[in-house]
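Peer 1: I am attaching a structure below and will ask some questions about it afterwards.
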Amino acid sequence: MRPVTWHDGAIRIIDQTALPGRLTYLDLNKVDALIAAIQRLAVRGAPALGVAGAYGVALALQNGERDRIADLRAARPTAVNLMAGVDRASARIDEGFEAVLAEAHAMLDQEVTANRTLSAYGADWLLGRLNTRRPLRLLTHCNAGALATAGWGTALGVVRDLHDRGLVEVVYVDETRPLLQGTRLTAWELDRLGIPHLVQADGAAAGTIVSGLVDAAIVGADRVAANGDTANKIGTLGVALACAHAEAPFLVAAPTSTVDLATPSGAQIQVEQRAEAEILGHSAPAASRAHNPAFD
């Protein structure tokens, strides 16, 4: 499953706002359409945004829209991958459209390879920390699977690797406020993969962890600062604190493309605030509607 590809002169994406009700593909043939898709979270997830950004530069060259590249780069300020993808493809603009498109293709392939390598490392790290070979009870927050990447997954990639080894008992999926990526996307991916899972309210996560029902938590990241500070979906901090209290491993699974060495610490990461109208469109309760950080 590839959430972002190049198809017949357009960027083809899976419309993540339509999931889990229906699997819909959109062909975006204008940079403005890509920007709109990014901003309304039809395509989301740090690595996926990086690939979309690179293909967006190719689309801009194809359509004579070079003046829109800067707007594309600024479409999502929290996820550094989008900026990095745009910059990487833009570095080859002087070589022409085909060179830029080739760079975008290479970025997609490299992200998939990096995700698979990361997943194996993460699985080995967890098994070493837990010192067990029994099936694990895992928890994840938001969505960091194939939909959020170039087609494999970071946090869910680790889960997939463990599942392939027969070492997953169950995955607790936080619903993820305010846009319900856990409920709508992560649960959908796990169901397709045949991985046992339970969806729970975000407020239940700490109790699940502290009561000993979780062996480890695995999450993705929108950006990792130079000092290791990590920005992820709102609510991730509570999961990390609960794991620290329970002395359970807390693993952030992210490729090097998500590391931003130019940002010293998390204090310098710009936090996005979703508009009330956007969140109402996802049927969020009143307490979650306005001014909620929603990184991806």
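Peer 1: Would you mind working out the accessible area per residue for the chain, using a 1.4 Å probe, and quoting it in Å²?
Peer 2: On a per-residue basis, 40 Å².
Peer 1: Can you give me the convex hull volume of the Cα atoms of the stretch 68-209, divided per residue and expressed in Å³?
Peer 2: Looking at the stretch 68-209, the number lands at 129 Å³ per residue.
Peer 1: Viscosity 0.890 mPa s, temperature 25 °C: what is the translational diffusion coefficient of the stretch 96-157 from Stokes-Einstein with a Kirkwood Rh over Cα pairs, rounded to a whole number of µm²/s?
Peer 2: 184 µm²/s
Peer 1: Could you tell me how many degrees, from 0 to 90 and to the nearest 10, lie between the Cα long axis of helix 155-164 and the main elongation axis, the longest principal axis, of the Cα atoms of the chain?
Peer 2: For helix 155-164, the angle is close to 60 degrees.
Peer 1: Relative to the longest principal axis of the chain, what angle (0 to 90°, nearest 10) does the C-alpha long axis of helix 97-130 take?
Peer 2: Computed tilt is about 10 degrees.
Peer 1: Here's another thing I want to ask about it. Which of Ala104, Ala58, Ala120 moves the most in a Gaussian network model of the chain with Cα springs under 10 Å?
Peer 2: Greatest mean-square fluctuation among the candidates belongs to Ala120.
Peer 1: Note the angle between two axes, namely the Cα long axis of helix 46-63 and the longest principal axis of the Cα atoms of the chain, as a number of degrees from 0 to 90, rounded to the nearest 10.
Peer 2: Rounded to the nearest ten degrees, it is 10.
Peer 1: At a 10 angstrom cut-off on C-beta neighbours, averaged per residue, how do the peptides 250-260, 65-75 rank from highest to lowest?
Peer 2: 250-260, 65-75
Peer 1: So, in Å, what gap is there between the alpha-carbon centers of the stretch 1-58 and the stretch 145-189?
Peer 2: After rounding, the separation between the Cα centres reads 19 Å.
Peer 1: If I build a Gaussian network model for the chain, linking alpha-carbon pairs within less than 10 angstrom, which residue out of Gly235, Gly50, Gly145 has the largest mean-square fluctuation?
Peer 2: Largest GNM mean-square fluctuation: Gly235.
Peer 1: Taking only Cα atoms and a 10 Å spring cutoff, compute GNM fluctuations for the chain and point out the largest among Ile38, Ile218, Ile93.
Peer 2: Sorting by GNM fluctuation, first place goes to Ile93.
Peer 1: While we're here: Which length gain, in nm to one decimal place, applies between His105 and Ala244 when the Cα-Cα distance is subtracted from 0.36 nm times their residue separation?
Peer 2: Answer, rounded to one decimal: 46.1 nm.
Peer 1: With the calculation restricted to Cα positions, what are the radius of gyration and Dmax of the chain in angstrom?
Peer 2: 18.4, 58
Peer 1: Same structure again: Cα gyration tensor of the stretch 188-272, axes a ≥ b ≥ c as square roots of the eigenvalues: rounded (a/c below 1.5), prolate (a/b > b/c) or oblate?
Peer 2: It is prolate, given that a/c is not under 1.5 and a/b is the larger ratio.
Peer 1: Round to a whole number: what % of the accessible area of the chain belongs to carbon and sulfur, probe 1.4 Å?
Peer 2: Carbon and sulfur together cover 51 percent of it.
Peer 1: Given the DSSP H assignment, sum -39500 (n - 2.57) over each helix run of at least 4 residues in the chain and divide by its residue total; what's the result at 222 nm in deg cm²/dmol, nearest 500?
Peer 2: Working: 10 runs with 116 residues, N = 296.
Mean residue ellipticity, 222 nm, calculated: -12000 deg cm²/dmol.
The values are calculated or read from the model by the stated rules, or taken from the named source; none is laboratory data. Keep in mind that this is a model prediction, so the values were computed, not measured. Positions of Cβ are generated from backbone atoms using ideal geometry, with glycine treated the same way; all protein chains shown enter the neighbour counts. Just so you know, the surface numbers come from the protein's heavy atoms only, side chains and all, with ligands and any DNA or RNA stripped out. Shrake-Rupley method; radii C 1.70, N 1.55, O 1.52, S 1.80 Å.
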